[in-house]
Amino acid sequence: MIIAIGNTKGGVGKTTLAVQLAITRALEGREVWLVDGDRQGTAAAAIAARAEAGKQPGIACAQYPDGPTLRAQVQQQRDKWGDIIIDVGGRDSTALRAALILADVLVVPFAPRSYDVWALDDMAALVDEARSVRDGLRAFAVMNQADPGENSTDNADAVAAVAEVPQFTYLPTPIRRRKAFSNASGAGLSVAEMTPRDPKAVAEIKALATSLFNPV
């Protein structure tokens, strides 16, 4: 499966989710390739830190911020991997557009803030454009950096706003704002590999991975 994680809005935690999902799948025994489509190279840096620490399993990672190169490389190598996860930067870029053409699934993280939800309209237009030239793209909106409280008004308002954007299916597997995610991802680790372990963070990323890769 090829999953693209992208949003034209920056700062919504795309790279954190990409790193966490890639390592989660690798820990489950999958052959995973993480493709960093952002010029900043944050995902590639995280995986480099993992390699330097000698952490197993190792994660294959390549950086292709140029759309035509990304598209060509993924097309050439897609049959070598069980899962390919593409992390694309927070803007309308050639890499993002290439990822939309390649992916089976698009994951659009958004934070429960009004300007993050409004930015989904930009992504919706890109999804429409991609679907006009290809079939089968499934697009999911995932609340990332959600307020920790179960009864957060901001979370509820954001979910209601996403429901008004028909291009996306909302996944009810929010990733809440927890230090474990940023600390783990910066070191190239899954939250499941951290000590001490945050069981709530582990459960959240596992629920998201299950909903994406093994839907009921």
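Taken together, the values in this text are just the output of simple stated rules run on the coordinates, not laboratory data. As the structure is a prediction and not an experimental result, all values here were calculated from the model. Because the Cβ atoms are built from the backbone with ideal geometry, glycine has one as well, and the counts that use them run over all protein chains shown.
Remark: segment 2-211 projects, on average over all directions, an area of 10.6 nm² (convex hull of Cα atoms). Given a cut-off of under 8 Å on Cα pairs at least six residues apart, what relative contact order in percent is computed for the chain? It rounds to 25 percent for the chain. Taking the chain as a Gaussian network of alpha-carbon nodes connected by springs under 10 Å, the highest mean-square fluctuation of the residues Arg25, Arg177, Arg197 belongs to Arg197.
Ranked by the mean number of other Cβ atoms within 10 Å per residue, highest first, peptides 158-166, 64-72, 97-105 order as 97-105, 64-72, 158-166. Residue order for Trp81, Trp118, fewest other beta carbons within 10 angstrom first, comes to Trp118, Trp81. Number of Lys-Lys pairs in the chain with C-alpha atoms under 20 Å apart and a separation of 8 or more places or on different chains: 6.
Rounded to the nearest 500, what is the 222 nm mean residue ellipticity of the chain from helices alone, with -39500 (n - 2.57) per DSSP H run of 4+ residues and division by all residues?
-13500 deg cm²/dmol
Which residue fluctuates the most in the chain, going by a Gaussian network model with Cα springs under 10 Å, if the choices are Ala43, Ala18, Ala125? Largest GNM mean-square fluctuation: Ala125.
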